[in-house]
Amino acid sequence: MNSIMETVCAVCTKVRNNSKQGVSFQNLLTILRREFRKQEFNLKIKSDRDKHLNSEEFYVNAYYDAEDDQNQEIPIEVVVHHNFDKSTVWDQKHVTELLVQVFDATVHEFKHQRQSFKRNHIVYSDYMKKPYKDYLEEDDEIDAYAVSIAIELCRSLGKYRALRHMGRISILARFKLNDRFVSPCLASYFGQFENLQNPTLKRLAKKVYVRLQKIDTDVIFL
């Protein structure tokens, strides 16, 4: 995954560098699409206005479709949910916050694409129709979220500090810095399964530890 992360990190860094003087949300997405196209990344970037969000809120979701991939259609879709005024000019802080989410969501979906390649795009279950807890128990999701959690922990704590705390992963899951979980994905898993003896959490913890050992922190977008 380090090679994919390196390219996505380079895209996000280029977009931030091209937005130093302030940028509107629409122009930011235009720049982001252009930089991904230059790297020949086969994905869509869309925005969705959600009037239930306040004017400063946003979040990023992404999806991978194995059938689209097999049919040589665009398989990954990244969606920015927001309620921004089109005239709002973004500063570097807000640009970075958005790009961090784009980086994390995109890397997660490219992990799913790699999983799909390994089994010739065979789909074993429809995750989107499952309850959230069942979805988190899927092997593919445990594997992909292990990457996401390792990224979050490296970003918030640093790789070696995170590795030292893996023996107390239940504490790590609840740990916050500046009122934010050091790993929101890890916190979400523990919120669903709670007991460290749960087989899903045991599998996840082992995979996170392995990912932390392998990950190149130089290719994590910060």
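Couple of notes before you dig in:
- In the set 125, 156, 148, only one residue is at negative phi and at pLDDT below 95; that residue is 125.
- Residue 10 passes every criterion in (1) hydrophobic (A, V, I, L, M, F, W, C); (2) surrounded by fewer than 18 Cβ atoms within 10 Å (Cβ to Cβ); (3) touching a strand residue (DSSP E or B) at 6+ places or on another chain (Cβ under 7 Å) apart from (3).
- The numbered conditions (1) without any contact (Cβ under 8 Å) to a residue 40 or more places away in the chain; (2) within 17 Å of the chain's Cα centre (by Cα); (3) within 21 Å of residue 146 (Cα to Cα); (4) surrounded by fewer than 16 Cβ atoms within 10 Å (Cβ to Cβ) are all true for residue 118 except (2).
- Elements of the type helices (runs of 4 or more DSSP H) sitting completely within the range 160-222 and holding at least 2 residues that are at pLDDT 95 or above: these cover 184-193, 199-214.
- Checking residue 198 against (1) free of Cβ contacts under 8 Å to residues at least 24 places away in the same chain; (2) closer than 30 Å to residue 15 by Cα; (3) of a type outside the set (Phe, Trp, Tyr); (4) surrounded by 13 or more Cβ atoms within 10 Å (Cβ to Cβ), the condition it does not meet: (2)
Rundown of residues vs (1) among the small types (Gly, Ala, Ser); (2) surrounded by 15 or more Cβ atoms within 10 Å (Cβ to Cβ), yes/no style:
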| residue | (1), (2) |
| --- | --- |
| 149 | no, yes |
| 156 | yes, yes |
| 159 | no, yes |
| 167 | yes, no |
| 176 | no, no |
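- Residues in the range 1-22 that are outside any helix (DSSP H, G or I) and basic (Lys, Arg): 20 alone.
- Any hit, the range 25-33, residues being in contact (Cβ under 8 Å) with a residue 60 or more places away in the chain and part of a loop (DSSP other than H, G, I, E, B): no
- Among the numbered conditions (1) more than 18 Å from residue 149 (Cα to Cα); (2) modelled with pLDDT of 80 or more; (3) in a helix (DSSP H, G or I), the only one that residue 109 does not meet is (1).
- Yes/no for residue 109 being in the same structural domain as residue 7 (by TED's automatic domain parsing), under 26 Å from residue 11 (Cα atoms) and surrounded by 13 or more Cβ atoms within 10 Å (Cβ to Cβ): no
The values are calculated or read from the model by the stated rules, or taken from the named source; none is laboratory data. From a predicted model like this one, the values you see are computed outputs, not experimental measurements. Note: ideal-geometry Cβ built from the backbone for every residue, glycine included; neighbour counts use all protein chains shown.
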